[in-house]
Amino acid sequence: MDRDDRTVEGHEADHRGTTKLRWRRVIWRGMRKRCPRCGLGRLFTSWYTVAEQCPHCHLEYESRDGDTWAFMYVTTAGLTGVIIVGMLLFRPPTLWISQVVVTALAVGIVLLSMPYRKGVAIAIHFISETVWSEEPDSTRH
Ligand SMILES: [Zn+2]
């Protein structure tokens, strides 16, 4: 009886530990453009075309349209803010050089980071669905 109680407590502690660990692992998988659940399947079929599902574990990447839009908007706005602050801090020798450099940098940073940000967005969406389906009462007080 006593031993059973300890086993249950230990299991709960382990469960919390693995949940915390999984967060980081799932985000990291998204940044590497891999399936958030298994880490094996590729998220994209081309540069920015998200696959329908994982070829390994068959997880649907974007079960509903627009689930990852908010994250993409926020990160694009954040990057734009960083670029604007960079423009204000940088004193160029000539105006036209700064215009060319800033435009190229801004377009490059925003476009090149898109698949990685999308991967993180899909990972965060996967985490939110996992958390809400496993522990429906833990977020309510
Ligand atoms: Zn998978």
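The values are calculated or read from the model by the stated rules, or taken from the named source; none is laboratory data. Just so it is clear, the model here is predicted, and its values are computed rather than measured. Neighbour counts run over all protein chains shown; Cβ positions are idealised from the backbone, glycine included.
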Inset, instruction - Within the range 98-113, identify whether any single residue is in contact with a helix residue (DSSP H, G or I) (Cβ under 6 Å, 6 or more places away or on another chain) and within 17 Å of Ile27 (Cα to Cα), and answer yes or no. - result: no
Legend entry - Members of the range 33-80 that are surrounded by fewer than 14 Cβ atoms within 10 Å (Cβ to Cβ), assigned to a loop (DSSP other than H, G, I, E, B) and more than 8 Å from the ligand (Cβ to nearest atom): Thr45, Ser46, Trp47, Tyr48, Thr49, Glu52, Ser63, Arg64, Asp65, Gly66
Inset, instruction - Test Arg22 against the criterion of being within 15 Å of Val120 (Cα to Cα), out of contact with any helix residue (DSSP H, G or I) (no Cβ under 7 Å at 6 or more places or on another chain), within 16 Å of the ligand (Cβ to nearest atom) and at pLDDT below 95, and give yes or no. - result: yes
